[in-house]
Structures are given as structure tokens and as C-alpha cells.
Amino acid sequence: MTDILLPTTVVGSYPQPAWLVNRDILTANNVVPRVRLSAIWNVAPDALEGAQDDATLIAIRDMERAGIDIITDGEMRRESYSNRFALALEGVDVDNPAIVSGRAGKPTPVPRVTGPIRRRHAVEVRDVQFLRASTDRRIKITLPGPFTLSMQAADEHYRDDEALAMAYAAAVAEEAADLVAAGADVIQLDEPWLQARPEQAARYGVKAINRALQGVGAISVVHLCFGYAALVKDKPSGYSFLPQLADSTATQISIEAAQPRLDLGILSELSNKTIMLGVLDLGSDQVETAATVAERVRAGLRHVAAERLMLAPDCGMKYLPRPRAFAKLKALAEGTAMVRRELEG
């Protein structure tokens, strides 16, 4: 997808400036918002879009300055990775949420599905257009995956978890097609709940992903993680759902590996995919050295051919202080460049 060996990228989010969002509200209760959280914004509604554009430019320039090859918009316009898209759909009651148990077992307000899930309009097209006009690098846009969307809602219409996921998948597919038409080089589906609900994922997770990617004329990624490092401290050392993604139509599989010290031997079961390997531990206050990143890249190369390996942070960087996020991205680019030079002789 690039002419560069071992391309670097980001998972999606980058720290939102304190002048844009109230970070105390963002981190309150250690729960990622599933419903509206308009109180998070520090800018008046009539000035919000312009402020989000300014923050997006900051994120773009930081990624460029750090040396990242494939960048995103930093998800500056989002209260969470999923709720902006989820709450724009028809069939969802966002004003009268239900309370369910979240991934960490905490009570979490979620939208209620009260009718057929349909996409009313494009949600992230302007995001892609703005990003495409603001950089000459390859660009990626992220969407919540259909399985995860179905886990973050209370179903009062379909009464069938698979039917709900497939309805979300159809809406995601429509959005993804529009995002590619708007200029996205890469479409990433964020699917952290595949790991959290492996039994349901085994039944229809790949089916829903394949429907969401149906007809998408771009590089496609499925991202799995154990949760934001700021919110989940103790992470398992292995995935309960990963090899199954070999049967997905996604081009790339993105996993976090640095913080959980993942046994990379499992990557041999995804030999038909490009691996987007997490090599930045976002749970650590310490900024990795380039040498540390290089060693993690070399560890990945023991299981994945260089032509199928990409490097990234473990997860989104939304909850990090911006200086630390930038320093870690710079180490990512420099450490990967060290290994690239070794391979190229």
C-alpha cells in the first residue's frame, strides 16, 4: 500500500487539546461514552466545527513531523471512537438510554435500538475530505465495526444479536463506500468487542465484518485491542479471538502487543494478512527509545515477513498527554527506520 518497507501508521485517535475538550469529563468514571457527551466540548456550538478543524490540523502536523507514513485525522471531532457514528443512525433512541454492563463490568448508558438500523446520511465524509486536502500522505479513516456497535446498544427491535450486527454492518458498508469515494486510502474497523465476547464473535463476527467491507474499494483493517491503556491496566497476554480473522476479507489485522507482552507466535495463524503490530506501550509513562521500538519490530519480523508487517501504537492515543504521544510516535518512526535500514542493507 506504500512503496516503503515496514510502513508506520497510527491506530486512529490522537490527544484532543485541553482547549477543545474537558479532559476531566473525558476520563470521568473510566467509561468510554456510548451516548452523547456534549458537556465534553469546551467550545460553543457555533464555533465547534472550526475549533475541531484547527485541532485536526494540529494532529495531522504532529503525525507528519513525527515521521508517520499513513496518518489519520486524530478523531478530533469524536467524543469516543464509536458514538459519533452510532448515534447518527436511524432506529436508535439516543435520548432515553439503557444501562448495560460494559467491557469492564461497569454500568454504562447505551443507546436503545427501537427500529430498523439505517444510515440517514454520511457521517465522516467531511472528515476525510478535510484530511485529504490537508496532507499529501496516505490517509486512513476509522469506523466502529458492526460487531462492536451491536455490543454497545440495547436491542429492543431485532431481538436477535446476529441480526442486529448484520444491520449495523450494512450501515457501516454504506459509510465506508462513501469514505473511499471521498479520498480515503485505508478504511479501518475498530472491533475491540471481538475479544470481549469471543463466543458470539465466533458465531457471526467475521460474517458481520465481511458484510461491512463488502464492495469497499480500499485497503481494509480490523483493529482489535484490550481497551485503552488509561482505562484498562491489567491486560491478558493473549487474544481470545484472533486466528478466526484469517477468514475475513480485511487486508490487514491490527493488534496491540507491547503493553500486554503478547506472544507473537499466534501471528503465524494469520499468514494471509498484513499485520499492523502495536509496538508502543501506551500504558507506560516512559517514552520508548528508538532502540526499544526497533527490538519490538525485530520480534515481529521473527513471525511475519517484512512485506506483511506495519508498525503502530498499541491502541488509540486519545487519553495520552500530547507531548508524550508525539514523542512516542517519533520513537516509532525512528525505531522502524533503524530496522528498515538493516533490511535494505
(request) Take the residues in the range 264-277 that are in contact with a helix residue (DSSP H, G or I) (Cβ under 9 Å, 6 or more places away or on another chain) and surrounded by 18 or more Cβ atoms within 10 Å (Cβ to Cβ), then tell me which one is farthest from Val222 (Cα to Cα). (result) Leu264
(message) Return the residues of the range 327-345 that are surrounded by fewer than 22 Cβ atoms within 10 Å (Cβ to Cβ) and within 22 Å of Val186 (Cβ to Cβ); say none if nothing qualifies.
(response) Lys330, Ala333, Ala337, Arg340
(message) Quick check on Arg197: is it among the charged types (D, E, K, R), surrounded by 19 or more Cβ atoms within 10 Å (Cβ to Cβ), more than 20 Å from Val123 (Cβ to Cβ) and touching a residue at least 24 places away in the same chain (Cβ under 8 Å)?
(response) yes
(request) Output the residue which, of all residues in the range 42-72 that are in contact with a Ser or Thr (Cβ under 7 Å, 6 or more places away or on another chain) and over 18 Å from Met276 (Cβ atoms), is surrounded by the fewest Cβ atoms within 10 Å (Cβ to Cβ). (result) Glu64
(message) Which residue is nearest to Arg65 (Cα to Cα), if the candidates are limited to the range 322-345 and must be charged (D, E, K, R) and within 20 Å of the chain's Cα centre (by Cα)?
(response) Lys330
(message) Can you find, within the range 130-160, the residue that is surrounded by the fewest Cβ atoms within 10 Å (Cβ to Cβ) among those that are touching a helix residue (DSSP H, G or I) at 6+ places or on another chain (Cβ under 6 Å) and in a helix (DSSP H, G or I)?
(response) Ser134
(request) Could you check the range 221-325 for strands (runs of 3 or more DSSP E) lying wholly inside it with 2 or more residues that are in contact (Cβ under 8 Å) with a residue 40 or more places away in the chain and of a type in the set (A, V, I, L, M)? (result) 274-280, 309-313
(message) If the requirement is being among the small types (Gly, Ala, Ser), assigned to a helix (DSSP H, G or I) and within 21 Å of the chain's Cα centre (by Cα), which of these qualifies: Ala59, Ala47?
(response) Ala59
(message) For Thr336, only one of the following conditions fails: (1) part of a helix (DSSP H, G or I); (2) farther than 22 Å from Gly12 by Cα. What is its number?
(response) (2)
(request) May I ask you to list the residues in the range 26-41 that are surrounded by 15 or more Cβ atoms within 10 Å (Cβ to Cβ), assigned to a helix (DSSP H, G or I) and modelled with pLDDT of 90 or more? (result) Ile40
(request) Would you point out the residue of the range 109-129, among those that are of a type in the set (Val, Ile, Thr) and within 25 Å of Arg203 (Cβ to Cβ), that is surrounded by the most Cβ atoms within 10 Å (Cβ to Cβ)? (result) Ile117
(request) Looking at (1) within 30 Å of Gly217 (Cβ to Cβ); (2) in contact with a strand residue (DSSP E or B) (Cβ under 8 Å, 6 or more places away or on another chain), find the lone condition where Asp247 falls short. (result) (2)
(message) Here is a check on your reading of the model: is Leu179 part of a helix (DSSP H, G or I), over 20 Å from Thr249 (Cβ atoms) and touching a residue at least 40 places away in the same chain (Cβ under 8 Å)?
(response) no
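The values are calculated or read from the model by the stated rules, or taken from the named source; none is laboratory data. Remember, it's a predicted structure, so these values are computed and weren't measured experimentally. All Cβ positions, even for glycine, are placed from backbone atoms using ideal geometry, and neighbour counts span all protein chains on display.
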